[in-house]
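To start, I am sharing the structure in question, which I have written as structure tokens.
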Amino acid sequence: MAKLKNIIKQLSKQDFEIIYNLLMESNAEKSALLLKMMYQEKYSDSKIMADLEVNSNAYYTLRSRLNQKIEEYLLEQVENPRADLLRKVANIPEIIFTKKRTIVIATLKKLEKELLDYDLSNELTIVYKSLKRLHSHTPEYYTYSQLYNKHVAYMLSVDKAETLISDYFRKYGSYLFSGSDTEKLELTLIHKELISVRNLYDSHRLYVYQSCVGIFHRLFIEENDSMEEEAIENILDKVQEIFNMYQMDTIYHHLKIVFEFLKLEYYHRYKVYRKAEDYFDEVSDSMSALLANYTMYTYPARFLFTKLERSLRLGLQKDLYAENNLLFQDFEIDTDDIPNYVSYVVYRAISCHYAEKHEEAARWINNLLNEVSIKKYPYALLEVKIILALQYAILDDTELLNQLLGSIQRQIRLLGKQNCMIAALYVKLIKLMINQTKSEKPEKAKVLLNKIKSIPRQGFSPTAYIQISEDLFK
């Protein structure tokens with residue numbers, strides 16, 4: 001919300017009038033009125049909702065759509081010099097065949113400077129290849145040959161860095177679900193290799209890429225920072241400076257939300273909740289895009305559980321269901337990306353649980369278990385089944401519950417009870433919940449719940465976000 005107000009506040013009078021008229025012409029009168037009221041900065045949110053005659057959910061949708069319309073308009077007004085540069089590079093063969101040699105060289109030298117500013121290594125190789133051939137009879141041939149070779153190597157390093165980032169977050173999802181020490185070691189090795197690639201060149205792009213992984217790694221894999229490492233806040237500040245310097249860089253434009261997410265997770269991790277709130281709305285509003293399009297640069301499903309933690313801390317868990325229906329309209333997720341997909345479905349199911357829509361929660365999980373196989377992650381599968389069993393218990397669906405509890409108990413025996421203490425305690429808790437004759441149920445339930453809370457959680461543990469009321473045992 002603060003982001004939208006800030007954008008509107010910075011609009012020129014001309015831009016405001018154009019956007020306002022566009023909204024009116026497209027019959028979006030409420031969006032136009034919202035824009036006007038925010039631009040005038042005279043009205044509180046409650047006053048705006050009253051004047052527009054909308055509830056909080058409709059207001060949330062309205063401002064999200066307005067934000068999108070404004071961003072689309074502003075993007076159309078920006079003349080992108082990066083796109084212009086790419087057109088010039090594509091036109092190099094035409095220049096070589098139609099212009100005088102001195103003009104061609106001068107044009108290529110100008111292009112070289114502009115491409116260096118934007119760190120476009122692929123296009124620089126084309127420029128240096130052309131300059132090398134144009135100077136084949138002069139001493140400068142060697143200079144341009146060296147520059148060509150250097151930028152080919154740099155281009156390959158950037159490509160390798162992008163591959164390592166993608167590999168890291170793919171591996172992280174698997175590690176989160178398996179808890180494998182081998183996969184944890186692989187994550188550390190990928191991180192170290194990425195640092196080595198970054199150190200080959202004084203490149204802001206490689207610094208940004210390595211920071212995507214470096215900050216995440218220090219937050220969720222190796223939490224003990226050494227004195228030799230750069231402070232996370234300093235890294236975030238440097239990355240922001242790079243983004244400010246290269247505002248027309250398309251990749252940086254999209255990576256901004258990744259670093260907003262990392263800022264949120266950093267402050268949330270260290271319980272600086274006031275600072276975390278500065279980034280929450282923007283990351284939450286971008287959640288569907290992060291889950292669908294950013295898994296090559298981060299692990300966005302982590303935010304779903306951060307959001308659950310925040311909701312439980314603030315007592316807002318019942319609001320998640322309605323909010324999700326707005327955030328995930330027309331949403332598609334890669335069902336082959338098992339960790340992100342399972343996390344998303346479980347998050348939706350837990351949101352249904354808090355909205356007391358237990359049949360829908362059970363439907364989300366049943367559909368998940370029918371669509372994908374989680375057997376390679378047996379501990380994660382146990383967590384998912386326990387959430388489903390809780391829904392069956394609350395719905396008093398004894399037949400389906402008994403079948404599921406039997407499946408859970410067989411899995412616990414196979415894995416070893418000592419490795420599945422939380423799952424074993426949940427089975428006892430659920431059996432107590434449905435037992436009609438047991439005396440002192442609330443007291444026994446409290447003992448079991450306290451035992452569950454006392455066991456440290458690791459990896460994928462969505463049951464940690466389900467609060468079970470003692471009223472269920474009365």
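Is there any pair linking a residue in the stretch 158-179 that is assigned to a helix (DSSP H, G or I) to one that is surrounded by 17 or more Cβ atoms within 10 Å (Cβ to Cβ) and small (Gly, Ala, Ser), with Cβ under 7 Å and at least six apart or on different chains, and which?
Between residues of the stretch 158-179 that are assigned to a helix (DSSP H, G or I) and residues that are surrounded by 17 or more Cβ atoms within 10 Å (Cβ to Cβ) and small (Gly, Ala, Ser), the close pairs are 158/121; 177/380.
Would you check if residue 132 is surrounded by fewer than 19 Cβ atoms within 10 Å (Cβ to Cβ), of a type in the set (D, E, K, R) and assigned by TED's automatic domain parsing to the domain that holds residue 94?
Criteria not met by residue 132.
Something else now. Could you say whether any residue in the stretch 87-99 is crowded, with 17+ Cβ neighbours inside 10 Å, of a type outside the set (Gly, Ala, Ser), in contact (Cβ under 8 Å) with a residue 24 or more places away in the chain and in the same structural domain as residue 17 (by TED's automatic domain parsing)?
no
What about residue 262, is it farther than 30 Å from residue 86 by Cα, part of a helix (DSSP H, G or I), at pLDDT 95 or above and not polar (S, T, N, Q)? Outline the logic, then answer.
Details: farther than 30 Å from residue 86 by Cα: yes; part of a helix (DSSP H, G or I): yes; at pLDDT 95 or above: yes; not polar (S, T, N, Q): yes.
When the stated conditions are applied, residue 262 passes them.
Looking at the structure I just gave you, is residue 318 loosely packed, with under 14 Cβ neighbours inside 10 Å and either on the phi > 0 side of the Ramachandran plot or outside any helix (DSSP H, G or I) (or both)?
no
For the stretch 393-414, enumerate the residues that are surrounded by 15 or more Cβ atoms within 10 Å (Cβ to Cβ), assigned to a helix (DSSP H, G or I) and of a type outside the set (S, T, N, Q).
If the condition is that a residue be surrounded by 15 or more Cβ atoms within 10 Å (Cβ to Cβ), assigned to a helix (DSSP H, G or I) and of a type outside the set (S, T, N, Q), then 393, 394, 400, 401, 404, 405, 408, 412 are the ones that fit.
Can I ask one more? For residue 281, indicate whether it is of a type in the set (D, E, K, R) and within 15 Å of the chain's Cα centre (by Cα). Step through it out loud before you land on a result.
Numbers: of a type in the set (D, E, K, R): yes; within 15 Å of the chain's Cα centre (by Cα): yes.
When the stated conditions are applied, residue 281 passes them.
Which number in (1) at pLDDT 80 or above; (2) basic (Lys, Arg); (3) within 30 Å of the chain's Cα centre (by Cα) marks the one condition that residue 36 misses?
Of the numbered conditions (1) at pLDDT 80 or above; (2) basic (Lys, Arg); (3) within 30 Å of the chain's Cα centre (by Cα), the odd one out for residue 36 is (3).
State the number of residues belonging to the stretch 196-222 that are farther than 23 Å from residue 264 by Cβ, part of a helix (DSSP H, G or I) and of a type in the set (A, V, I, L, M, F, W, C).
Going through the stretch 196-222 one residue at a time, the tally reaches 2.
Scan the stretch 133-155 residue by residue and report those that are closer than 17 Å to residue 115 by Cβ and either within 31 Å of the chain's Cα centre (by Cα) or outside any helix (DSSP H, G or I) (or both).
Hits for the stretch 133-155 are 153, 154, 155.
Go through (1) acidic (Asp, Glu); (2) in a loop (DSSP other than H, G, I, E, B); (3) under 13 Å from the mean Cα position of the chain (by Cα) one by one and return the number of the condition residue 332 breaks.
Residue 332 satisfies all of (1) acidic (Asp, Glu); (2) in a loop (DSSP other than H, G, I, E, B); (3) under 13 Å from the mean Cα position of the chain (by Cα) except (3).
Restricting the stretch 344-374 to residues that are outside any helix (DSSP H, G or I) and either in contact (Cβ under 8 Å) with a residue 40 or more places away in the chain or not small (Gly, Ala, Ser) (or both), which is surrounded by the most Cβ atoms within 10 Å (Cβ to Cβ)?
By that ranking, first place goes to 374.
List every residue pair whose Cβ atoms lie under 7 Å apart, where the two residues are 6 or more positions apart in sequence or sit on different chains, the first residue falls within the stretch 126-144 and is more than 16 Å from residue 111 (Cβ to Cβ), and the second residue, located anywhere, is surrounded by 14 or more Cβ atoms within 10 Å (Cβ to Cβ).
Cβ pairs passing all conditions: 141/132; 141/135.
The values are calculated or read from the model by the stated rules, or taken from the named source; none is laboratory data. What you see is a predicted model, and the numbers here were worked out from it, not measured in a lab. With ideal geometry, Cβ positions are generated from the backbone for all residues, glycine too; neighbour counts draw on all protein chains shown.
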